[in-house]
Amino acid sequence: MRVVALCLMSCLMWLAAPATPAHAMEIVNCTGRPNSDQDKTSIMGATQSRITFVASIAEGEGVEELTLHIPDGTTFGTDDLQVTLLTGENLMTRNEVAYNATVDGQDLVLEFDEPITQAGNLNIIVYDVYFPQEGGDVQVEATYVAAAGTADVDDIPAIKVTGISGPEALSQWLADQAWVQAWNSNRFLRLFFDPTILVTSFPVVLNGFFMSVGVVALAFPLGIPLALVLALMRLSKFFLWRGIATTYVNLMRGTPLFLQIYVAFFGLPLAGIDVPNFPLGVIVLMLNSGAYMCEIFRAGILSINKGQNEAARSLGMSRVQTMLHVIIPQMFRLVIPNLTNEFITLYKDSSLLAAVGVMELVMYARTIVATTGSITPYIVAAVFYLVITLPLSRVTRHLEESLRGHRSRKRKRAAAAAKEASHA
């Protein structure tokens with residue numbers, strides 16, 4: 001009996017409780033406008049967009065006020081707000097809604113001149129919206145005041161925003177500047193020196209710069225011992241060594257580096273030899289540069305006075321000892337300017353690796369050019385080449401001047417010594 005009594009009391013209390021009021025406003029959709037140039041469906045942070053808020057209103061609810069809370073980090077404007085009520089059987093009838101808009105921090109408050117009693121979809125568009133640069137899920141919240149009281153709009157979907165980097169944010173800011181728009185109004189300036197593309201391509205091309213420097217930094221020092229061995233072989237009295245070195249040098253210097261790259265990158269895989277792009281690029285540049293440095297070393301060795309060799313041999317040094325301890329050290333001092341020029345040439349020739357897909361300086365720039373249609377990334381790549389070549393050119397000139405000065409002082413000392421000897 002007690003159980004029955006408790007059940008009856010529970011039913012009576014449930015019947016006596018006030019009914020939960022139906023929501024006067026329910027969310028239909030809340031979206032942002034896609035604003036990515038590459039992906040037409042993405043919403044990028046720190047880039048101009050808009051928020052479209054759509055909610056359904058029941059008949060006779062009398063909605064008097066709506067407050068949209070937009071999360072911190074998102075900025076928005078109120079000058080071009082659009083507030084309309086779509087009514088009719090297919091919601092095709094557009095009705096303008098009179099309102100008064102105020103902003104309180106991140107709250108956009110819309111006070112309607114007359115309560116909305118007609119059933120339909122309330123469509124609100126907020127323009128000049130800039131979502132947070134770091135991206136993420138932006139959750140808009142909404143509260144409304146109706147005849148039945150104040151309530152929240154539940155289940156509002158979050159707006160998924162893709163974060164952008166600092167350079168991309170700077171590019172977006174530049175695009176809105178009057179002077180940049182005036183600058184880009186000139187077709188030539190826009191194609192070759194677009195500031196908005198310059199700031200975004202710089203960090204991307206920088207990756208290619210490191211790749212190019214890495215390739216050359218490995219290929220050049222590896223080519224030095226190869227070149228030295230080839231130079232000694234070319235100077236050898238044994239015809240076989242001399243013939244092998246001469247054939248190799250003539251073959252590498254007589255064919256374009258571009259062709260050598262193609263043979264290595266497309267010929268070796270056909271022969272079943274699979275080498276990753278980066279080490280293969282290093283090997284090809286090393287083999288090519290070694291042939292050119294061979295001639296530099298050979299000319300340097302031949303420029304050493306024969307008296308140096310004879311003096312060393314007279315002291316009991318062997319041919320190998322003379323070459324290692326007397327000739328080669330002097331040779332290196334003489335050929336340093338030419339080696340610097342060879343390094344500059346090799347660094348510039350690394351751009352040819354872009355033709356076979358190695359992601360070096362030019363390849364990164366070409367990828368951006370294909371996307372944007374602007375030549376500006378190539379100008380950025382040229383700047384990265386000049387960052388290396390111009391200082392090295394100055395170093396080369398300085399070394400050449402020092403070498404000429406050293407030779408001039410040496411000749412003067414020799415002349416003075418000869419003069420003193422003649423007086424004696």
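The values are calculated or read from the model by the stated rules, or taken from the named source; none is laboratory data. Since the structure is predicted, the reported quantities are computational estimates derived from the model, not experimental observations. Here the Cβ is made from the backbone with ideal geometry for all residues, glycine too, and neighbour counts use every protein chain on show. For the accessible areas, the whole protein counts, side chains as well, though only heavy atoms, and no ligand, DNA or RNA atoms are used. Shrake-Rupley method; radii C 1.70, N 1.55, O 1.52, S 1.80 Å.
If you take the residues in the range 327-367 that are closer than 16 Å to Val215 by Cβ and of a type in the set (Val, Ile, Thr), which one is nearest to the chain's Cα centre (by Cα)?
So the residue we want is Val362.
Just checking, does the range 196-219 include any residue being at pLDDT 90 or above, in contact with a Phe, Trp or Tyr (Cβ under 6 Å, 6 or more places away or on another chain) and more than 30 Å from Thr376 (Cβ to Cβ)?
There is no residue in the range 196-219 that is at pLDDT 90 or above, in contact with a Phe, Trp or Tyr (Cβ under 6 Å, 6 or more places away or on another chain) and more than 30 Å from Thr376 (Cβ to Cβ).
Please go through the range 118-135 and pick out each residue that is farther than 20 Å from Asn100 by Cβ, open to solvent by 50 Å² or more (accessible area, probe 1.4 Å) and polar (S, T, N, Q).
Gln133
Working carefully through the options Gln172, Gln181, find the one that is under 25 Å from the mean Cα position of the chain (by Cα) and either hydroxyl-bearing (Ser, Thr, Tyr) or surrounded by fewer than 18 Cβ atoms within 10 Å (Cβ to Cβ) (or both). Full working, then the answer.
Working: Gln172 fails: either hydroxyl-bearing (Ser, Thr, Tyr) or surrounded by fewer than 18 Cβ atoms within 10 Å (Cβ to Cβ) (or both).
After applying the criteria, what remains is Gln181.
Pick from Val153, Val138: which is over 16 Å from Ala55 (Cβ atoms) and buried (at least 18 other Cβ atoms within 10 Å of the Cβ)?
Numbers: Val153 fails: over 16 Å from Ala55 (Cβ atoms).
Of Val153, Val138, the one residue that is over 16 Å from Ala55 (Cβ atoms) and buried (at least 18 other Cβ atoms within 10 Å of the Cβ) is Val138.
Given Gly300, Gly290, which one is surrounded by 14 or more Cβ atoms within 10 Å (Cβ to Cβ), in contact with a Phe, Trp or Tyr (Cβ under 8 Å, 6 or more places away or on another chain) and part of a helix (DSSP H, G or I)?
Only one candidate passes the filter, namely Gly300.
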